[in-house]
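Following: one structure in C-alpha coordinates, then a few remarks.
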Amino acid sequence: MLFYSVTMIADNLESVRQRIRRSCEKAGRSPEGVQLVCVTKEASVEEIEEVLRLGINIIGENRVQDAALKYKVIGDKASWHLVGHLQTNKVKDAVKIFSLIHSVDSTKLAKEIDAQAGKINKRQDILVQVNASGEGTKFGIKPEEALNFFKEISLYPNIIIKGLMTIAPETDDVGLIRLCLRRLRELRDRIYKSQITNHKPLLLSMGMTSDFEVAIEEGSDMVRIGRAIFRDKGQG
Ligand SMILES: *Cc1c(COP(=O)(O)O)cnc(C)c1O
(Lines give C-alpha, C1' and ligand atoms only; values in the text may rest on other atoms or scores of the structure.)
Protein backbone atom coordinates (compact mmCIF):
# COMPACT_ATOMS: atom_id res chain seq x y z
CA MET A 1 0.00 0.00 0.00
CA LEU A 2 1.25 3.44 -0.89
CA PHE A 3 0.87 6.29 1.54
CA TYR A 4 2.08 8.89 -0.87
CA SER A 5 1.46 9.86 -4.41
CA VAL A 6 4.23 8.89 -6.80
CA THR A 7 2.88 11.28 -9.41
CA MET A 8 2.82 14.16 -6.96
CA ILE A 9 6.48 13.70 -6.01
CA ALA A 10 7.52 13.35 -9.65
CA ASP A 11 5.57 16.48 -10.61
CA ASN A 12 6.90 18.46 -7.67
CA LEU A 13 10.46 17.44 -8.36
CA GLU A 14 10.17 18.32 -12.03
CA SER A 15 8.82 21.73 -11.08
CA VAL A 16 11.66 22.31 -8.58
CA ARG A 17 14.21 21.34 -11.22
CA GLN A 18 12.60 23.72 -13.70
CA ARG A 19 12.66 26.57 -11.18
CA ILE A 20 16.35 25.85 -10.47
CA ARG A 21 17.12 25.95 -14.19
CA ARG A 22 15.23 29.20 -14.62
CA SER A 23 16.98 30.87 -11.69
CA CYS A 24 20.33 29.75 -13.09
CA GLU A 25 19.42 31.22 -16.46
CA LYS A 26 18.39 34.48 -14.83
CA ALA A 27 21.67 34.61 -12.91
CA GLY A 28 23.75 33.57 -15.91
CA ARG A 29 24.88 30.40 -14.16
CA SER A 30 25.14 26.81 -15.28
CA PRO A 31 22.50 24.54 -13.68
CA GLU A 32 25.22 21.92 -13.15
CA GLY A 33 26.73 24.34 -10.64
CA VAL A 34 23.80 23.97 -8.26
CA GLN A 35 23.45 20.74 -6.29
CA LEU A 36 20.01 19.72 -5.13
CA VAL A 37 19.97 18.27 -1.63
CA CYS A 38 16.62 16.57 -1.20
CA VAL A 39 15.65 17.11 2.46
CA THR A 40 13.79 14.03 3.63
CA LYS A 41 13.23 14.74 7.33
CA GLU A 42 9.48 14.45 6.81
CA ALA A 43 9.70 11.70 4.21
CA SER A 44 9.39 7.94 4.61
CA VAL A 45 11.87 5.36 3.34
CA GLU A 46 9.44 4.63 0.47
CA GLU A 47 9.39 8.28 -0.49
CA ILE A 48 13.18 8.42 -0.38
CA GLU A 49 13.35 5.39 -2.66
CA GLU A 50 10.99 7.17 -5.02
CA VAL A 51 13.15 10.32 -5.29
CA LEU A 52 16.23 8.13 -5.83
CA ARG A 53 14.43 6.54 -8.79
CA LEU A 54 13.78 10.08 -10.03
CA GLY A 55 17.50 10.83 -10.10
CA ILE A 56 18.09 12.43 -6.70
CA ASN A 57 21.49 11.43 -5.34
CA ILE A 58 21.87 13.60 -2.24
CA ILE A 59 19.61 13.11 0.78
CA GLY A 60 19.49 15.69 3.57
CA GLU A 61 18.39 14.77 7.09
CA ASN A 62 18.36 16.93 10.19
CA ARG A 63 18.51 14.32 12.95
CA VAL A 64 21.16 11.63 13.27
CA GLN A 65 18.79 9.05 14.80
CA ASP A 66 16.24 9.39 11.99
CA ALA A 67 18.94 9.25 9.36
CA ALA A 68 20.43 6.12 10.94
CA LEU A 69 17.12 4.26 10.61
CA LYS A 70 16.69 5.29 6.99
CA TYR A 71 20.34 4.64 6.22
CA LYS A 72 19.89 1.03 7.35
CA VAL A 73 17.46 0.53 4.48
CA ILE A 74 18.78 2.86 1.80
CA GLY A 75 22.50 2.62 2.50
CA ASP A 76 24.93 4.12 0.05
CA LYS A 77 22.46 4.38 -2.82
CA ALA A 78 22.56 8.09 -1.95
CA SER A 79 25.00 10.53 -0.39
CA TRP A 80 23.79 11.58 3.03
CA HIS A 81 24.07 15.16 4.25
CA LEU A 82 23.36 16.29 7.78
CA VAL A 83 21.65 19.67 7.52
CA GLY A 84 20.36 20.00 11.10
CA HIS A 85 22.09 20.82 14.36
CA LEU A 86 24.54 18.21 15.60
CA GLN A 87 25.10 17.39 19.27
CA THR A 88 28.54 16.17 20.27
CA ASN A 89 27.14 12.90 21.66
CA LYS A 90 25.76 12.03 18.19
CA VAL A 91 28.98 12.68 16.32
CA LYS A 92 30.18 9.09 16.54
CA ASP A 93 27.14 7.87 14.60
CA ALA A 94 27.09 10.91 12.31
CA VAL A 95 30.57 10.39 10.87
CA LYS A 96 29.58 6.84 9.88
CA ILE A 97 26.63 8.03 7.80
CA PHE A 98 27.17 11.50 6.42
CA SER A 99 29.43 12.50 3.57
CA LEU A 100 28.86 16.16 4.42
CA ILE A 101 27.92 17.81 7.72
CA HIS A 102 26.42 21.26 7.01
CA SER A 103 26.08 22.45 10.58
CA VAL A 104 29.43 22.84 12.31
CA ASP A 105 29.21 25.86 14.59
CA SER A 106 31.49 25.31 17.56
CA THR A 107 35.08 24.36 18.21
CA LYS A 108 33.90 21.67 20.61
CA LEU A 109 31.85 20.06 17.86
CA ALA A 110 34.64 20.35 15.30
CA LYS A 111 37.05 18.74 17.74
CA GLU A 112 34.72 15.82 18.34
CA ILE A 113 34.14 15.31 14.61
CA ASP A 114 37.90 15.31 14.10
CA ALA A 115 38.33 12.71 16.84
CA GLN A 116 35.53 10.40 15.75
CA ALA A 117 36.40 10.63 12.06
CA GLY A 118 39.99 9.79 12.96
CA LYS A 119 38.86 6.62 14.72
CA ILE A 120 37.33 5.30 11.51
CA ASN A 121 40.11 6.62 9.27
CA LYS A 122 37.84 9.13 7.64
CA ARG A 123 38.40 12.71 6.64
CA GLN A 124 35.03 14.31 7.23
CA ASP A 125 33.76 17.00 4.87
CA ILE A 126 31.99 19.79 6.72
CA LEU A 127 30.44 23.21 6.23
CA VAL A 128 30.54 25.99 8.78
CA GLN A 129 27.08 27.17 9.74
CA VAL A 130 26.81 30.93 9.99
CA ASN A 131 23.97 32.84 11.57
CA ALA A 132 23.86 35.47 8.85
CA SER A 133 20.56 36.95 10.00
CA GLY A 134 21.71 37.59 13.56
CA GLU A 135 18.52 36.03 14.96
CA GLY A 136 19.21 35.02 18.53
CA THR A 137 17.49 31.66 18.47
CA LYS A 138 19.29 30.22 15.48
CA PHE A 139 22.36 28.00 15.48
CA GLY A 140 25.51 29.13 13.72
CA ILE A 141 28.51 31.27 14.42
CA LYS A 142 28.39 35.04 14.09
CA PRO A 143 29.69 36.34 10.75
CA GLU A 144 32.35 38.41 12.52
CA GLU A 145 33.67 35.27 14.23
CA ALA A 146 33.93 33.29 11.01
CA LEU A 147 37.51 34.10 10.05
CA ASN A 148 38.90 33.09 13.42
CA PHE A 149 36.70 30.02 13.52
CA PHE A 150 38.01 28.90 10.13
CA LYS A 151 41.57 29.44 11.32
CA GLU A 152 40.97 27.37 14.42
CA ILE A 153 39.25 24.40 12.88
CA SER A 154 41.43 24.26 9.79
CA LEU A 155 44.08 22.82 12.12
CA TYR A 156 42.08 19.62 12.66
CA PRO A 157 43.57 16.97 10.37
CA ASN A 158 40.44 14.84 9.92
CA ILE A 159 38.13 17.69 8.94
CA ILE A 160 37.89 19.14 5.48
CA ILE A 161 36.14 22.49 5.34
CA LYS A 162 34.13 22.59 2.15
CA GLY A 163 32.28 25.86 2.65
CA LEU A 164 29.58 27.72 4.52
CA MET A 165 25.92 27.16 5.27
CA THR A 166 23.16 29.43 6.45
CA ILE A 167 19.44 29.44 7.09
CA ALA A 168 17.77 32.65 5.98
CA PRO A 169 15.31 34.30 8.36
CA GLU A 170 11.67 33.26 8.21
CA THR A 171 10.10 36.36 6.79
CA ASP A 172 8.12 37.58 3.80
CA ASP A 173 10.66 40.34 3.35
CA VAL A 174 12.55 39.10 0.28
CA GLY A 175 14.94 42.05 0.54
CA LEU A 176 16.01 40.95 4.01
CA ILE A 177 16.42 37.34 2.89
CA ARG A 178 18.55 38.45 -0.05
CA LEU A 179 20.69 40.58 2.25
CA CYS A 180 21.45 37.63 4.53
CA LEU A 181 22.26 35.31 1.65
CA ARG A 182 24.47 37.94 0.04
CA ARG A 183 26.23 38.45 3.37
CA LEU A 184 27.15 34.76 3.40
CA ARG A 185 28.56 35.00 -0.13
CA GLU A 186 30.63 38.07 0.76
CA LEU A 187 31.90 36.32 3.87
CA ARG A 188 32.87 33.31 1.77
CA ASP A 189 34.77 35.58 -0.62
CA ARG A 190 36.64 37.23 2.27
CA ILE A 191 37.63 33.88 3.77
CA TYR A 192 38.68 32.61 0.36
CA LYS A 193 40.90 35.65 -0.19
CA SER A 194 42.45 35.33 3.25
CA GLN A 195 43.86 31.93 2.21
CA ILE A 196 43.09 30.36 5.56
CA THR A 197 42.02 27.14 4.00
CA ASN A 198 43.55 25.38 1.07
CA HIS A 199 40.33 23.50 0.53
CA LYS A 200 39.10 25.58 -2.34
CA PRO A 201 36.72 26.58 -3.73
CA LEU A 202 34.47 27.18 -0.74
CA LEU A 203 30.88 26.23 -1.45
CA LEU A 204 27.71 27.94 -0.26
CA SER A 205 24.83 25.87 1.10
CA MET A 206 21.84 28.17 1.15
CA GLY A 207 18.28 28.18 -0.10
CA MET A 208 15.25 26.17 1.04
CA THR A 209 11.71 25.80 -0.32
CA SER A 210 10.83 29.39 0.52
CA ASP A 211 13.96 31.07 -0.81
CA PHE A 212 15.99 28.83 -3.12
CA GLU A 213 15.51 30.99 -6.19
CA VAL A 214 16.92 34.08 -4.45
CA ALA A 215 19.71 31.88 -3.05
CA ILE A 216 20.71 30.73 -6.52
CA GLU A 217 20.75 34.33 -7.73
CA GLU A 218 23.03 35.13 -4.78
CA GLY A 219 25.46 32.35 -5.67
CA SER A 220 24.30 29.25 -3.81
CA ASP A 221 26.06 26.02 -4.79
CA MET A 222 23.76 23.75 -2.80
CA VAL A 223 20.04 24.18 -2.22
CA ARG A 224 18.33 22.13 0.50
CA ILE A 225 14.75 21.45 -0.47
CA GLY A 226 12.10 19.41 1.34
CA ARG A 227 8.56 20.74 1.28
CA ALA A 228 8.53 21.75 -2.39
CA ILE A 229 9.25 18.10 -3.24
CA PHE A 230 7.14 16.18 -0.71
CA ARG A 231 4.21 18.41 0.16
CA ASP A 232 0.94 18.44 -1.65
CA LYS A 233 0.72 21.99 -2.97
CA GLY A 234 -2.85 22.18 -1.74
CA GLN A 235 -1.52 21.75 1.79
CA GLY A 236 0.95 24.62 1.40
C1 LIG B 1 14.04 21.26 6.84
C2 LIG B 1 15.28 21.90 6.40
C3 LIG B 1 15.44 22.28 5.07
C4 LIG B 1 14.38 22.09 4.02
O5 LIG B 1 13.34 23.01 4.26
P6 LIG B 1 12.05 23.06 3.34
O7 LIG B 1 11.39 24.31 3.74
O8 LIG B 1 11.27 21.83 3.63
O9 LIG B 1 12.53 23.09 1.92
C10 LIG B 1 16.65 22.87 4.72
N11 LIG B 1 17.63 23.10 5.62
C12 LIG B 1 17.50 22.75 6.91
C13 LIG B 1 18.61 23.04 7.87
C14 LIG B 1 16.31 22.15 7.35
O15 LIG B 1 16.18 21.82 8.65
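Which condition from (1) among the basic types (Lys, Arg); (2) in contact with a Pro (Cβ under 9 Å, 6 or more places away or on another chain); (3) within 16 Å of the ligand (Cβ to nearest atom) is the one that residue 123 breaks?
Here residue 123 meets the rest and fails (3).
Report, by residue number, each residue of the stretch 157-188 that is assigned to a helix (DSSP H, G or I), under 17 Å from residue 141 (Cα atoms) and of a type in the set (D, E, K, R).
182, 183, 185, 186, 188, listed by residue number.
Of all residues in the stretch 177-215, which are within 16 Å of the ligand (Cβ to nearest atom), among the hydroxyl-bearing types (Ser, Thr, Tyr) and under 27 Å from residue 151 (Cβ atoms)? Full working, then the answer.
Initially, the stretch 177-215 is screened for residues within 16 Å of the ligand (Cβ to nearest atom), giving 177, 180-181, 184, 203-215.
Right, trim to among the hydroxyl-bearing types (Ser, Thr, Tyr) and you get 205, 209-210.
Correct list: 205 only.
Among the helices (runs of 4 or more DSSP H) confined wholly to the stretch 1-119, which include 1 or more residues that are in contact (Cβ under 8 Å) with a residue 12 or more places away in the chain and farther than 30 Å from residue 145 by Cα?
Working: elements: 6-27, 45-53, 64-74, 91-97, 107-119.
Answer list for the stretch 1-119: 6-27, 45-53, 64-74.
Condition first: touching a Ser or Thr at 6+ places or on another chain (Cβ under 6 Å), in a loop (DSSP other than H, G, I, E, B) and hydrophobic (A, V, I, L, M, F, W, C). Now tell me which residues in the stretch 197-222 satisfy that.
Within the stretch 197-222, just 206 meets the criteria.
Considering only residues that are surrounded by fewer than 22 Cβ atoms within 10 Å (Cβ to Cβ) and out of contact with any Pro (no Cβ under 8 Å at 6 or more places or on another chain), which ones fall in the stretch 165-187?
169, 170, 171, 172, 173, 174, 175, 178, 179, 182, 185, 186
Could you please find all residues in the stretch 210-224 being in contact with a Gly (Cβ under 6 Å, 6 or more places away or on another chain) and touching a residue at least 60 places away in the same chain (Cβ under 8 Å)? Before the answer, list the steps.
Here is the first cut: in the stretch 210-224, the ones in contact with a Gly (Cβ under 6 Å, 6 or more places away or on another chain) are 215, 220, 223-224.
Result: 220, 223, 224.
Scan the stretch 128-161 residue by residue and report those that are away from the ligand (no atom under 16 Å from the Cβ) and charged (D, E, K, R).
Within the stretch 128-161, 142, 144, 145, 151, 152 meet the criteria.
What's the total number of residues in the stretch 159-172 that are at pLDDT below 95 and more than 16 Å from the chain's Cα centre (by Cα)?
Adding up the residues that qualify gives 3.
Which pairs have Cβ atoms under 7 Å, sit 6 or more apart or on different chains, and link a residue in the stretch 169-198 that is within 21 Å of residue 102 (Cα to Cα) to one that is modelled with pLDDT of 95 or more and polar (S, T, N, Q)?
Close Cβ pairs (under 7 Å, with a partner that is modelled with pLDDT of 95 or more and polar (S, T, N, Q)) amount to 180/166; 184/166.
Return the residues of the stretch 216-230 that are of a type outside the set (Asp, Glu) and either over 18 Å from residue 162 (Cα atoms) or more than 8 Å from the ligand (Cβ to nearest atom) (or both); say none if nothing qualifies. Walk me through it before giving the result.
Filtering the stretch 216-230 down to residues of a type outside the set (Asp, Glu) leaves 216, 219-220, 222-230.
Result: 216, 219, 220, 222, 223, 225, 226, 227, 228, 229, 230.
Which condition from (1) more than 19 Å from the chain's Cα centre (by Cα); (2) of a type in the set (Val, Ile, Thr); (3) crowded, with 19+ Cβ neighbours inside 10 Å is the one that residue 130 breaks?
(1)
The values are calculated or read from the model by the stated rules, or taken from the named source; none is laboratory data. Not measured: the values here are computed from a predicted model. Don't worry about glycine lacking a Cβ; one is built from the backbone with ideal geometry, like all the others, and counts go over all protein chains shown.
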